[in-house]
1. Take segment 260-282 and flag every residue that is out of contact with any Gly (no Cβ under 8 Å at 6 or more places or on another chain) and within 18 Å of HIS204 (Cα to Cα).
2. Quick one: which strands (runs of 3 or more DSSP E) sit completely within segment 170-240 and have at least 1 residues that are under 30 Å from GLU46 (Cβ atoms) and small (Gly, Ala, Ser)?
3. Based on this model, can you work out whether LEU17 counts as surrounded by 17 or more Cβ atoms within 10 Å (Cβ to Cβ), within 30 Å of ASP167 (Cα to Cα) and over 19 Å from the mean Cα position of the chain (by Cα)?
4. Could you count how many residues in segment 179-192 are open to solvent by 40 Å² or more (accessible area, probe 1.4 Å) and out of contact with any Lys or Arg (no Cβ under 9 Å at 6 or more places or on another chain)?
5. What do you reckon, is ASP76 on the phi > 0 side of the Ramachandran plot and buried (at least 17 other Cβ atoms within 10 Å of the Cβ)?
6. Exactly one condition in (1) within 16 Å of the ligand (Cβ to nearest atom); (2) of a type outside the set (Lys, Arg); (3) out of contact with any His (no Cβ under 7 Å at 6 or more places or on another chain) is false for PHE61; which is it?
7. Output the residues belonging to segment 116-137 that are without any contact (Cβ under 8 Å) to a residue 60 or more places away in the chain, surrounded by 22 or more Cβ atoms within 10 Å (Cβ to Cβ) and either within 20 Å of GLU12 (Cβ to Cβ) or out of contact with any Lys or Arg (no Cβ under 8 Å at 6 or more places or on another chain) (or both).
8. Starting from residues that are within 20 Å of PRO176 (Cβ to Cβ), away from the ligand (no atom under 16 Å from the Cβ) and not hydroxyl-bearing (Ser, Thr, Tyr), keep the ones in segment 93-107 and report whichever is least open to solvent (accessible area, probe 1.4 Å).
Amino acid sequence: MSAKTWRASNLEITRILEHEKPFAAPSILYPALTPETLEKHRPWLEPNLLDPTTGNVVIAFHSFVIRTPAHVILVDTCTGNDKTRPHKTNYHMKSWPYLETLASAGFHPEQIDIVLCTHLHVDHVGWNTRLVDGRWVPTFPHARYLIGRQEWNYWRVAEQRTLYTTDPYYEDSLLPIIESGQADFVEMNHAIEDQVHLEPWVGHTPGHVCVRVGSGNTQAILNGDIMHSALQCAEPDINSCFCIDAEQARRTRWAFLEQHADTRTLILPAHFPTPTAGHIRRDGRAFRFDFDR
Ligand SMILES: [Zn+2]
């Protein structure tokens, strides 16, 4: 199933799946993960979270659409189509049926009011734009694109982008929305509306935010790349190879897990494969992720 919907208060959150696959070897994605630690967790990771055939960690790329009485908000825009990515070949020149999946969930690009990326890595900005007659144009013609000021200030520096990748994602997925006049720079605690606001949870990137939805006992949080798989609930010290500030990424992960463990808050990570959502439970000295099946 490509689209799944949850509710938080009177809001609706729908996952729009771009793609899901055995993505990378655990030793690549998690450089500090030892073979012994992996073996300890293998029994519960296989087959859904760790593919027994390839041995790779299964990763999903999806957006979440938050429908409120006032807005339709799209969070994270995956990898996109037709993008030249010679160094990130998983995302190179793809033709995903993403807009078809979005339409089948009841959303057309014209209906999206707000686009927000939890951070500006290449796999979170792809559908910001699409290729039309040889030009990159905003995919969502009526949307305001919210960009975290702190995140932007980091990635706008070419030398810092080069440390991450030389693929032209800044040129094809970010600059066109600035040039179209659709970008609004916001602070990391920006409130989009009463029951939808950003929270700073930095470390993975310098301006990484989460999106808290709902209130009181009916809350959900879209927590971006604080963790790439449920293995990091059991081993919170393990960073992904994409975490920019290693120490801060670990501190943030521990704090996030502590704050949400054994609460009713629904957790919606940016890369957890189907069924994606769940709750964090305390488990010994660490945590586990109970998928909401
Ligand atoms: Zn990501």
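The values are calculated or read from the model by the stated rules, or taken from the named source; none is laboratory data. Nothing here was measured: the structure is a model prediction, and the numbers come from that model. Virtual Cβ from ideal backbone geometry, glycine too; neighbours counted across all protein chains shown. For accessibility, only protein heavy atoms count, side chains too; no ligands or nucleic acids. Shrake-Rupley method; radii C 1.70, N 1.55, O 1.52, S 1.80 Å.
1. Across segment 260-282, the qualifying residues are LEU268, HIS271.
2. Those strands (runs of 3 or more DSSP E) span 218-222.
3. No; evaluated as a whole, the condition is false for this residue.
4. Residues flagged as open to solvent by 40 Å² or more (accessible area, probe 1.4 Å) and out of contact with any Lys or Arg (no Cβ under 9 Å at 6 or more places or on another chain) within segment 179-192 amount to 6.
5. Here the answer is yes, as ASP76 does meet what is asked.
6. PHE61 satisfies every listed condition except (3).
7. Within segment 116-137, CYS117, VAL125, ASN128, THR129, ARG130 qualify.
8. Here the answer is LEU102.
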